[in-house]
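Scroll down for the structure; my scribbles are underneath it.
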Amino acid sequence: MDPALSAVRLSVREAVHTLSSEDGGRIFSTLGSLKRYLGQTENPALPGEQEEFARVHFSAFLRCLVSKLSPDWLELLPDGQLEELWASFFLEGPADQAFLVLMESIEGTAGPSFRLMKMAQLLARFLSAGRMAAVLEGQCWQHTESASPLLQETLLIRVVTLPDRLGNRLQRESLAVFLPQNYFPLLGEEIVRVLQAVVDSLRGGLDCSVSFVSQVLGKACVHGRQKEILGVLVPRLMALTQGSCLWQRVCWRLVERVPDRAMEAVLTGLVEAAPGPEVLSRLLGNLVMNSRKAQFVLTQKLLFLQYRCTTPMLQSLLGYLATDSQRRPLLVQALKELLETWGSSSAVRHTPLPQQRYVSKAVLICLVHLGDAELHDSRDELLASLMAGVKCRLDSSLPPVRRLGMVVAEVASTRIHPEGPPLRFQVSEGCALRGLPTAVTPAPMSPHLLGSRPTEHLHVGIRLPWRAPPCLLSAPGQLACLTSLCYLHSDDEFVPYDMSGDQELKSSKAPMYVRDCVEALTTSENWERWEAALRALEGLVFRSPAATREVSVELAKVLLHLEEKTSVAGLEGLRQRALVAVTVTDPARVAKYLTSQFYALNYSLRQRMDILDVLTLAAQELSRPGRLGRAPQRGSPGPASQPSSAVAPAWRAVVEERIRSKTRRFSKGSVGRGPAAGPNEFNSVAGYFFFPLVQHFDRPLVTFDLLGDDQLVLGRLAHTLGALMYLAVNTTVSWETAADGPTLRAVCACGPFSQ
């Protein structure tokens, strides 16, 4: 055995033995002599001895120091001399081993104690002294063959999860430096220091690696701390890479070495934190060309599978693809796929409006960055997708979707095919289009990033109204021309016509019979006839009760399953009023059908709640006093009503009001007679409304469980049953009608029917 190595072992053994004594001076001198193996004294040990001490004995000696920590042991010397010497071994020795021993001792402490708080305070000093940079930097000099994967994985987990582990152990006693909002910005500063050391080493001709730093960055971002760590890292790297190619290459390698499982989190954070495409290009380089995972994230996931990126993030992302000639084909491909998605009828129907607006912004930004030659090569394909999308959106029943299609079609068609006839739509700027004018105005970029295309983005900073986006300008003089055209086409000086009494002209007449309405609602492909039948149905039902009873159940089935085939104002109200009218006209049969469908399969919650609303309104109408003595005032709000009879003469109201105000009365009698008394029509049919609704409420179905996930409908059912019981007050109950179930008997026994 080497005598030097044997001397190190003997010194460590003697120091461990001395720590158990109660002589403070002896302990102090022994620890002071042992510090020579750390190289921090005037007479340091030989390099071989220092390496042996650090590699074999240091971690075990630190654990021994932790085990001796107690108030009595630290008070062996006054003024905290022993504590300061004890802490110096953690603050001046190999940082990775000291960090692991500190974390191990904190996590291994059973509960709140003096030792736990001392170790936590020492760890806070460790972080404040910049020792975390030494932990990361030590892994940068490890050669690939000599690096321990187990050690690196342990360090990686402890470094990233330090706030969680310390929070779980210290609970309310946790220090401020261990909070995530403080720790991860500190970690970002330490990463910058490590990268500075790497750059200095590369300038000195030394080899090093940033793989471990990349893993730390990736794991921190996966844990959801992108804003904290990248909020510090990106501004510093933006300044350092401004004029240094070496710093740019180090940043490229830093992101390239991020594991694939963390690439999405890192790239999303960088796109969000970078203030523009120029900065993003300096930080990423051609990563999108070298990494398939990065290419998928930047050109697919952030554009198609997510829509949480803001407009500046979209400008940075697509501008990054446009700032280099090698990446521009990816921008062209992204535009093709975006327009293909934009033109998909399935996407128009099934994607939410914010996502459609997001894709539209991405399309406009791509059109800004692409040149005329690049667009000309793919003109036919782009126009085909654009026209398909315009057709799908104009056929949509949602006004925001139609307006969005019009605006994008105007801008994109003029940009893709400037020689062709322009598309023009009569549409005003709505709330759904509020972000599109700024979306087509990208952030200015440095001239050296534009390569051989310095004139294509000459006017991208000009802000115009939404109808004339900046991407359509090719000369500064066109701005004044467009402004003058806007004034020429303005119609503000015209006197508006009085169109208050106008009626919409329709080619289809309203049906005259109930059966005609049923036929029109089920088989007609003429949307005007379909709408006219729906508007006239309620009045026909009240005017022809006998004809309605012949087809009442069939008509209720048609109305219950009615879908909106065209944009009809107040469709839900028309359908509900028609269903109520049918139920009032033939209450027993229709109520029996509706209550049976309430517990049937393949119905949505909306349809089930519509059934409850119809039953409640029909019961209210049936129980209203004086209903039989008065002709129904309901009628079709469609073509049957005349404007002359709909509005009373204005002069008559003025005269009556004048007489009323000038008449002096000494006493007021009854203004009008109350409603005439009569039988409650709802009494005879209340059982058809009430009992089937409570018969199966405790029996779960495959798609409907009132006592489980569908408690919203259960609340509406309870409200409906209460309304039915109130409207059927003083009604006698038939126990035969109430069936044999104990649930129904219990309900009847405690309800108003028992009276």
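The values are calculated or read from the model by the stated rules, or taken from the named source; none is laboratory data. Keep in mind that this is a model prediction, so the values were computed, not measured. Virtual Cβ from ideal backbone geometry, glycine too; neighbours counted across all protein chains shown.
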*Does region 390-401 contain at least one residue that is free of Cβ contacts under 8 Å to residues at least 40 places away in the same chain, surrounded by fewer than 17 Cβ atoms within 10 Å (Cβ to Cβ) and among the aliphatic types (A, V, I, L, M)?*
yes
_Quick check on Leu85: is it within 47 Å of the chain's Cα centre (by Cα) and surrounded by 14 or more Cβ atoms within 10 Å (Cβ to Cβ)?_
no
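With respect to Leu82, determine if the residue is over 25 Å from Ser6 (Cα atoms) and either in a loop (DSSP other than H, G, I, E, B) or in contact with a Ser or Thr (Cβ under 8 Å, 6 or more places away or on another chain) (or both). Break it down into steps so the answer makes sense when it comes.
Details: over 25 Å from Ser6 (Cα atoms): yes; either in a loop (DSSP other than H, G, I, E, B) or in contact with a Ser or Thr (Cβ under 8 Å, 6 or more places away or on another chain) (or both): no.
Answer is no for this residue.
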_Please go through (1) within 16 Å of Val359 (Cβ to Cβ); (2) surrounded by fewer than 22 Cβ atoms within 10 Å (Cβ to Cβ); (3) hydrophobic (A, V, I, L, M, F, W, C) for Leu317 and return the number of the only condition it doesn't satisfy._
(2)
*Are there any helices (runs of 4 or more DSSP H) wholly within region 287-355 with 2 or more residues that are under 21 Å from Arg261 (Cβ atoms), basic (Lys, Arg) and at pLDDT 90 or above, and if so which?*
292-296
*Among the numbered criteria (1) at pLDDT 60 or above; (2) over 16 Å from Val614 (Cα atoms); (3) surrounded by 13 or more Cβ atoms within 10 Å (Cβ to Cβ), which single criterion is violated by Gly741?*
(1)
*What are the pairs, 6+ residues apart or on separate chains, where a residue within region 79-108 that is in contact (Cβ under 8 Å) with a residue 12 or more places away in the chain has its Cβ under 9 Å from a residue that is acidic (Asp, Glu) and part of a helix (DSSP H, G or I)?*
Ala95/Glu137; Ala98/Glu92
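If you take the residues in region 356-371 that are in a helix (DSSP H, G or I) and of a type in the set (Gly, Ala, Ser), which one is nearest to Pro399 (Cα to Cα)? Give the derivation first.
Taking region 356-371 first, the residues in a helix (DSSP H, G or I) are 356-369.
Restricting the remaining residues to those that are of a type in the set (Gly, Ala, Ser) gives 360, 362.
Values: Ser360: 16, Ala362: 21 Å.
Across region 356-371, the extreme among qualifying residues is Ser360.
Determine whether Asp698 is modelled with pLDDT of 70 or more, in contact with a helix residue (DSSP H, G or I) (Cβ under 7 Å, 6 or more places away or on another chain), on the phi < 0 side of the Ramachandran plot and not assigned by TED's automatic domain parsing to the domain that holds Leu601. Give the derivation first.
Details: modelled with pLDDT of 70 or more: yes; in contact with a helix residue (DSSP H, G or I) (Cβ under 7 Å, 6 or more places away or on another chain): yes; on the phi < 0 side of the Ramachandran plot: yes; not assigned by TED's automatic domain parsing to the domain that holds Leu601: yes.
Spelling it out, Asp698 is indeed modelled with pLDDT of 70 or more, in contact with a helix residue (DSSP H, G or I) (Cβ under 7 Å, 6 or more places away or on another chain), on the phi < 0 side of the Ramachandran plot and not assigned by TED's automatic domain parsing to the domain that holds Leu601.
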*With the condition kept exactly as written, say whether any residue in region 663-674 is at pLDDT 80 or above and not acidic (Asp, Glu).*
yes
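Quick grid of which residues meet (1) over 19 Å from Gly687 (Cβ atoms); (2) in a helix (DSSP H, G or I); (3) at pLDDT 50 or above:
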position	(1), (2), (3)
Phe704	yes, no, yes
Asp709	yes, no, yes
Val713	yes, yes, yes
Thr720	no, yes, yes
Met725	no, yes, yes
Val729	no, no, yes
Thr732	no, no, yes
Thr737	no, no, no
Val747	no, yes, no
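Given Leu123, Leu100, which one is aliphatic (A, V, I, L, M), in contact with a Ser or Thr (Cβ under 8 Å, 6 or more places away or on another chain) and farther than 26 Å from Glu22 by Cβ? Give the steps one after another, and end with the answer.
Details: Leu123 fails: in contact with a Ser or Thr (Cβ under 8 Å, 6 or more places away or on another chain).
None of the others qualify; the one that does is Leu100.
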*Considering only residues that are part of a helix (DSSP H, G or I) and in contact (Cβ under 8 Å) with a residue 24 or more places away in the chain, look in region 35-55 and name the one that is farthest from Trp86 (Cα to Cα).*
Gly48
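Specify which of the listed residues (Leu555, Leu622) is assigned by TED's automatic domain parsing to the domain that holds Ser544, within 17 Å of Ala532 (Cβ to Cβ), modelled with pLDDT of 85 or more and buried (at least 21 other Cβ atoms within 10 Å of the Cβ).
Values: Leu622 fails: within 17 Å of Ala532 (Cβ to Cβ).
Being assigned by TED's automatic domain parsing to the domain that holds Ser544, within 17 Å of Ala532 (Cβ to Cβ), modelled with pLDDT of 85 or more and buried (at least 21 other Cβ atoms within 10 Å of the Cβ) holds for just one of Leu555, Leu622, which is Leu555.
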*Which residues, taken from region 9-32, are assigned to a helix (DSSP H, G or I) and either modelled with pLDDT under 80 or exposed (fewer than 14 other Cβ atoms within 10 Å of the Cβ) (or both)?*
Leu10, Arg13, Glu14, His17, Gly25, Arg26, Ser29, Gly32
